[in-house]
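*Asks:* Take a look at the following structure, please.
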Amino acid sequence: MDQLPADVRESVRDEKFSSVWGNDLDKVFANVAPYYDVANYVASMGLWGWFRRRFMKTIELHPQERGLDVCAGTNAIGIALLKREPTLEMHAMDRSAEMQAVGKRNAEAAGFHIESVIGDVHTLPFPDNHFDIVTLQFASRHLRIQQVFSEIYRVLKPGGRFYHCDMMRPTNRIVDAMSYGYLRFVLWFTALIFRSNEASLQCKEYFVSALRMFYSVPELSDVLRSLGYINVNGKSAQFGMLGFHRAVKPPVG
Ligand SMILES: C[S@@+](CC[C@H](N)C(=O)[O-])C[C@H]1O[C@@H](n2cnc3c(N)ncnc32)[C@H](O)[C@@H]1O
């Protein structure tokens, strides 16, 4: 879906997807949790680690900082951050207890502790001005962006940084068409080899439509600015199919 004002895009997304977001996604992630990490390597043809390393390069870290990974899944980002800066106080939030159970095991195996909250990230159960950094990777297509990004803004300290990475809606029509074709193929292929359950199979079209209705890199930068973030920096990779954003909550004074 081509350019739309963000408010309109949000209400169209809400109208089209709220039933999947509310009723189906938890069943999908409960099903994929045991093979989620492996499936991502397969689906990305081995590029999954490269995506994460590329995202990590955009992230600035300082000792003793407090970080939150939103929609943390199996804790890939929290663990990568702790490997770089083991003095971090790291928190994770996700609605899927099954994904976080795998994440807890992954963190323990790497020798780290990540404080976990199970819940819906549209309301973050943390005080205002609490975190130095917040990260969000590969989940925004399932969220009411303005609401979640506002919550992230609220819990960030003044001067705190928000880092975002996701598949984006490419602005080039040929790349756009190719990316949906590729996504359809990998969803079919991973469902076949990992024997996905009924809920996951039924959501295959949703995953393609959710990307189709999502933001391009420049549009997401505009959303961040409209919510009050400053120093917004959006970069794309893979011909606009992947986006990396950094945004800062203004310091006081
Ligand atoms: C594709 S996974 C991404 C996990 C992780 N960020 C990564 O990069 O590997 C999407 C995650 O978002 C979570 N999620 C989706 N909607 C959510 C919501 N409203 N509140 C909390 N978690 C949500 C799912 O449970 C799932 O673990």
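*Asks:* Using a Förster distance of 22 angstrom, determine the FRET efficiency expected from the C-beta separation of ALA101 and TYR35, and round it to 0.05. Present the calculation step by step, with values, prior to reporting the outcome.
*Replies:* Numbers: r = 14 Å, r/R0 = 0.62.
For ALA101 and TYR35, the calculated efficiency is 0.95.
*Asks:* Among all the lysines, which ones have a C-alpha under 30 Å from LYS27's C-alpha, if same-chain residues fewer than 8 places away are not counted?
*Replies:* Of all the lysines, those that pass the test against LYS27 - Cα under 30 Å, at least 8 places apart if same chain - are LYS16, LYS104, LYS204.
*Asks:* Which lysines, on any chain, are close to LYS157 with Cα under 17 Å apart, when same-chain ones fewer than 8 places away are left out?
*Replies:* Cross-link targets: LYS249.
*Asks:* Antiparallel DSSP bridges in the stretch 6-248: what percent, to the nearest 5? Intermediate results must be reported in sequence, preceding the final value.
*Replies:* Working: 13 of 32 bridges.
Roughly 40 percent of the beta bridges in the stretch 6-248 run antiparallel, per DSSP.
*Asks:* In whole Hz, what ³J(HN,Hα) sequence does the stretch 106-119 give by Karplus (6.51, -1.76, 1.60; θ = phi - 60°), x for Gly and Pro?
*Replies:* Residue by residue, the stretch 106-119 yields 4, 5, 4, 5, 8, x, 10, 10, 10, 6, 10, 10, 9, x Hz.
*Asks:* Still on this structure, I have one more. Using a simple charge model, +1 on the beta-carbon of Lys and Arg, -1 on the beta-carbon of Asp and Glu, nothing else, what dipole does the stretch 6-248 show about its Cα centre, in debye to the nearest 20? Please list the in-between numbers first.
*Replies:* Working: 28 positive and 26 negative charges, 150 e Å.
The dipole of the stretch 6-248 has a size of about 720 debye.
*Asks:* I need the calculated FRET efficiency for the pair SER11 and ARG173, taking r as the beta carbon distance and R₀ as 30 Å, to the nearest 0.05. Present the calculation step by step, with values, prior to reporting the outcome.
*Replies:* On the way: r = 25 Å, r/R0 = 0.82.
That gives a FRET efficiency of 0.75.
*Asks:* Test of understanding: ordering THR171, THR87 by Cβ neighbours within 10 Å, fewest first, what list do you get?
*Replies:* On the way: THR171 16, THR87 10.
Placing the least packed residue first, the sequence is THR87, THR171.
*Asks:* Return the aspartates and glutamates within reach of LYS235: Cα separation strictly under 16 angstrom, same-chain partners fewer than 8 residues apart disregarded; answer none if there are no such residues.
*Replies:* Excluding near neighbours in sequence, the set is GLU60, ASP166, GLU219, ASP222.
*Asks:* Once you order the gyration tensor axes a ≥ b ≥ c over the Cα atoms, which shape class does the stretch 37-120 get: rounded for a/c under 1.5, otherwise prolate or oblate by comparing a/b with b/c? Show your work: numbers first, answer last.
*Replies:* Values: a/c = 1.72, a/b = 1.11, b/c = 1.56.
Because a/c hits 1.5 or more and a/b fails to exceed b/c, the stretch 37-120 counts as oblate.
*Asks:* Can you give me the long-range amide H partners of VAL117? Hydrogens built in the peptide plane at 1.01 Å from N, cutoff under 5 Å, separation of 5 or more residues or another chain.
*Replies:* Amide H neighbours of VAL117: ALA92, MET93, ASP94.
*Asks:* If I model a spin label as a point 7 Å beyond the Cα along the Cα-Cβ vector, how far apart are those points for ALA109 and GLN238 in nm?
*Replies:* Calculated label separation equals 2.3 nm.
The numbers here are math on the coordinates, done by the rules we state, and not lab data. From a predicted model like this one, the values you see are computed outputs, not experimental measurements. No Cβ is skipped: glycine too gets one built from the backbone with ideal geometry, and neighbour counts run over all protein chains shown.
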